[in-house]
Amino acid sequence: MPTEVTTTGPAPEEIKSLNEECGVFGVWGDPHAAELTHLGLHTLQHRGQEGAGIVGKTPEGLRRHYGFGLVAEVFAQPASLQQLRGDAALGHVRYATAGGRILENIQPLLFRFTDSAIALAHNGNLTNAASLRAQLEANGAIFQSTSDTEVLMHLVRRSPAPTFIGQLKAALNQVHGGFAFAILTESGLYAAVDPNGFRPLVVGQLPSGGYVVCSETAALVAVGATFCFDVEPGELVEITDAGLVRDHFTTQTQLAVCSMEFIYFARPDSEIHGVNVHLAREKMGRRLAQEQPIDADIVVGVPNSSLSAALGYAQESGIPYELGLVKSQYIARTFIQPTQALRERSVRLKLSAVPAVVAGKRIVLIDDSIVRGTTAIQLVQLLKDAGAKEVHLRIASPPLRFPCFYGIDIQTTKELFAANHSVSQMKAILGVDSLGFLSVAGLEASVGLKTTAPNGGLCVAYFTGEYPTPLDDYEPHLSEELSHLAINIGEVSA
């Protein structure tokens, strides 16, 4: 029988502007699968810091070790990895979107049946999970977690299809929304992506001949794997000792990659559907300089995800790029503090201005996005306290005014700065001398995916309110929220 071990402790809280749900990493056919998965999860740590877990296919069956915290904290003891050793493994790093912060939601989820054991890891958010769960519970299903991920396994086990692949296809056609699933059994590793490809997933091959399935190509490089292909929308990949098989659970697909992957989430050294993230961000900065020019002395980027766009802005505008903000490399997460004053001080632990660089200067400050606005206010104040003469804020994405229902932790317009204020109002609140955003067309052109899909193959619903799929359980909630939205969504500068 499979066994599992947990690392317990308080669920860590974060003060961050935006959080993506998670990252997955799986290996099949390598004797060091658990160790490779551990290394891969370190590379994907930016995708989730709430919890981590690995399921290993050992000689005794599937075993699991998981818990709250960073990968290094959850696997602090060498024995935690040793017990997972075998020729296959599946790992996960999590930031909670659906389901909340409880230990039972830390993935991979491990299910034990009389005839098998199955581990499941998920990146994304299912828009019809609540209604599916209600139907399943009405028919006698018993859930062990509050995660939307668990719905898939109930659907798999209730399918009358004679094979596991048939059951999995049937289940995948019942869930809606954004998902990149990785599934480990005693006989294979499986990967599937939703019909729009909202969440990225790639396959690579190890020198040993084994295969890797993971959320970003940067994790392939970290373990010495060669990139094979992006898992396409609606695709189902089966990896067993017999080899790799590419199939589809649906052909009703239309590419709509989450644009925030290119703007903020993914590592700059990753590639998504053939586009390098750093180069896309650099092009965003160049386009931003064309659309939102300003006369200034230096360009300063907000570390770290905005540095590529800042370089692009400097190159296009001819304004010198300078290191005006420095990020501490020893504070992985902002500490939760009991008062607003202490929370604001915590930003200064992570970032500091360089007075010798910014004093007396007219600064173009480049950031990748504005979500709630609190961090931007403090960054502007940092520069002004350091003697900046002027601060002109330029955002390398359009105003973020609409919720996401496919795997980002923003599901209400009440949280969004740009949904509640015009650009001129935002300028006044932020205390900047000017404010400008990248246009939606500029974003799409900068990424430049090779596709004929609408919006250049990107999901830009956060900026336009035009969602590429029905929102199922979230539809009534969204309609109510949007009825109060009175912002001109075409406005991008002040």
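The table below lists the values:
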quantity	calculated
Qualifying position, being over 21 Å from G48 (Cβ atoms), in the same structural domain as N125 (by TED's automatic domain parsing), touching an Asp or Glu at 6+ places or on another chain (Cβ under 8 Å) and in contact (Cβ under 8 Å) with a residue 12 or more places away in the chain, among G285, G312, G234, G224	G234
Any chance R372 is in a loop (DSSP other than H, G, I, E, B), at pLDDT below 95 and not polar (S, T, N, Q)	yes
Test result for E491, under 30 Å from L382 (Cα atoms) and modelled with pLDDT under 85	yes
Selection count, region 262-294, where residues are assigned to a helix (DSSP H, G or I), at pLDDT 95 or above and closer than 30 Å to P195 by Cβ	10
Helices (runs of 4 or more DSSP H) wholly inside region 385-494 that include at least 1 residues being among the acidic types (D, E)	440-447, 475-482
Qualifying residue in region 271-283 (condition: closer than 26 Å to A353 by Cα, surrounded by fewer than 23 Cβ atoms within 10 Å (Cβ to Cβ) and among the basic types (K, R))	no
Enumeration of residues in region 295-316 that are among the hydroxyl-bearing types (S, T, Y) and not in a helix (DSSP H, G or I)	S305, S306
Candidate set: region 72-118, residues that are farther than 15 Å from F143 by Cα and of a type in the set (D, E); chosen: the one modelled with the lowest pLDDT	D115
Residue check for T226: under 24 Å from the mean Cα position of the chain (by Cα), farther than 22 Å from L168 by Cα and buried (at least 17 other Cβ atoms within 10 Å of the Cβ)	no
Leading residue by the ranking (nearest to R281 (Cα to Cα)) among those in region 397-450 that are among the β-branched types (V, I, T) and buried (at least 17 other Cβ atoms within 10 Å of the Cβ)	V447
Checking I142 against (1) within 26 Å of A453 (Cα to Cα); (2) at pLDDT below 95, the condition it does not meet	(1)
Complete set of residues in region 51-78 that are crowded, with 23+ Cβ neighbours inside 10 Å, within 13 Å of A89 (Cα to Cα) and free of Cβ contacts under 8 Å to residues at least 40 places away in the same chain	G56
Lone unmet requirement of (1) within 18 Å of A121 (Cβ to Cβ); (2) assigned to a helix (DSSP H, G or I) for V221	(1)
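The values are calculated or read from the model by the stated rules, or taken from the named source; none is laboratory data. Remember, it's a predicted structure, so these values are computed and weren't measured experimentally. Here Cβ is always computed from backbone atoms with ideal geometry, including for glycine, and neighbour counts include all displayed protein chains.
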